[in-house]
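Note sheet for the following structure.
What follows draws every value from the coordinates through simple rules; no lab data is involved. For clarity, every value in this text was computed on a predicted model and none was experimentally measured. Heads up, the Cβs are rebuilt from the backbone with ideal geometry, glycines too, and the neighbour counts pull from every protein chain shown.
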Amino acid sequence: MKAWRAVENGRLELRDLPTPIPAPGGIVARIEAAPVLSYLREVLDGSLAYDTPARPFTPGTNGVGVVEAVGPGVHHLTPGQRVALDPHLVANERVAEPAQILIGLSAMPGGAAPKALQAAWPDGTLAETAHMPAAVATPLPASLDAVPAAKLAAIAKFAVPYGGLLRVNLQPGETIIVNGASGYFGGGGALLALALGAGKVVATGRDAKALDDLADAAGPRLTPVVLTGDVAHDVDALKSAAGGGADCALDLVGRTENANAALAALRSLRRGGRLALMGGGVRQPLPLTTGEMLAQDWTVTGVFMYPRDVPARLARLIASGQLDLGLIRERAFPLDEIEAAMDAAAKMRSRDLTVLKMA
């Protein structure tokens, strides 16, 4: 099989490797399509200081594929099943804070345990075949058999914001602000909020063109607001778009020098509003006072990833037609064109998806 291997100095090499034999608790899946992260180059060259596996390793976080073999201790997955693969692996042990990693990307803080877990499962999905734990493989319903893998790979785009929407407990008919909606995950979060029944989505960001494109695709329940960075000005604009104030907000801003966008979203909430912070690139503290928090009865929570049943929930939303993958603009590259794929991925905006297509 062919697989991309991350080697020293941020380089990738396409190598011929033996087809893996599944370990206990593992599966081997033939990959049909795998999304490419917008920041993959920066992970590989060390710019983002991610705790990557020992090199060489195969990068790649998510994918759609077909199970070819299962290892001992796998009781439900069988060869021939089409599955969605995701990278969030949490050790299945009864401790207060089990180790967690993102396969093919990074170990999370926690000492030696996450690094040991990563050493056991270092390799991701940018390959013809992937060896992954059965715990991160979600069987896809037969009703999605006709959906091309390059489209189904969008499950990865929606899974991350779904974690935040669950934590703010978005209810049908509510108004939500989605910060960073001009970006990759934020655009997915805005469309997903509509699919889950939001009455109004206020989609924010700095890229007016991307926000207008999102609004044209999403319809009248989505209102774009271009942020200026002036918190007071942006609060006025957001409250106006939300009809006086939003019920909840989801912050998915990737990288920024300040927390102004998140602060504007928070101060645009009604009393009792909920804010989920998922954008990991904010470089300044979020300035909150106890008095303001008490007076407004706000809930602010940090959210990492999503519950393990989210890919299955998304598959059901897609199968039912509630989540329309036709709104996503996917661009597919063959496996050997990783450089072109990374170039395209780095430019992705709200509705974009870049994948390597193996089948």
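Values as computed for the structure displayed
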{"quantity": "Centroid-to-centroid separation of the range 24-87 and the range 221-274 [C-alpha atoms, Å]", "calculated": "35"}
{"quantity": "Translational diffusion coefficient (Stokes-Einstein; Kirkwood radius from C-alpha pairs) of the range 1-56 at 10 °C, 1.306 mPa s, in µm²/s", "calculated": "120"}
{"quantity": "Fewest-first sequence of Tyr50, Tyr39, Tyr162 by Cβ atoms within 10 Å of each Cβ", "calculated": "Tyr50, Tyr39, Tyr162"}
{"quantity": "At R0 = 45 Å, FRET efficiency that the Cβ-Cβ distance of Thr301 and Glu13 yields, to 0.05", "calculated": "0.65"}
{"quantity": "Antiparallel content of DSSP bridges confined to the chain, in %, to 5", "calculated": "50"}
{"quantity": "Pairwise FRET efficiency - Asn92 versus Ala142, Cβ, R0 = 35 Å, nearest 0.05", "calculated": "0.80"}
{"quantity": "Extreme residue, positive dipole direction of the range 158-302, given options Asn260, Gly273, Gln284 (C-beta unit charges)", "calculated": "Gly273"}
{"quantity": "Förster radius 25 Å - calculated FRET efficiency between Arg308 and Asp45, Cβ distance, rounded to 0.05", "calculated": "0.20"}
{"quantity": "Neighbour-count ranking [beta-carbon atoms within 10 angstrom, fewest first] of Arg55, Arg283, Arg274", "calculated": "Arg283, Arg55, Arg274"}
{"quantity": "Amide H contacts of Val300 (H built 1.01 Å from N, under 5 Å, at least 5 apart or other chain)", "calculated": "Leu275"}
{"quantity": "Rounded to the nearest 20 debye, dipole of the chain from Cβ charges on Lys, Arg, Asp, Glu", "calculated": "440"}
{"quantity": "The range 158-302: relative contact order as a whole-number percent, Cα under 8 Å and 6+ apart", "calculated": "23"}
{"quantity": "Contact order normalised by residue count of the chain, Cα under 8 Å, 6+ apart, percent", "calculated": "18"}
{"quantity": "Unit charges on C-beta of K, R, D, E only; dipole of the range 158-302, Debye", "calculated": "240"}
{"quantity": "Helix-only CD estimate at 222 nm, as mean residue ellipticity for the chain, using -39500 (n - 2.57) per DSSP H run (n ≥ 4)", "calculated": "-8000 deg cm²/dmol"}
{"quantity": "Shape of the range 158-302, Cα gyration tensor, a/c cut at 1.5", "calculated": "rounded"}
{"quantity": "Lys pairs under 16 Å by Cα in the chain, provided they are eight or more residues apart or on distinct chains", "calculated": "5"}
{"quantity": "Highest-MSF residue in the chain out of Gly187, Gly280, Gly73 [GNM, Cα springs under 10 Å]", "calculated": "Gly73"}
{"quantity": "Average Cα contact separation per residue, the range 2-109, under 8 Å, 6 or more apart, as relative contact order %", "calculated": "27"}
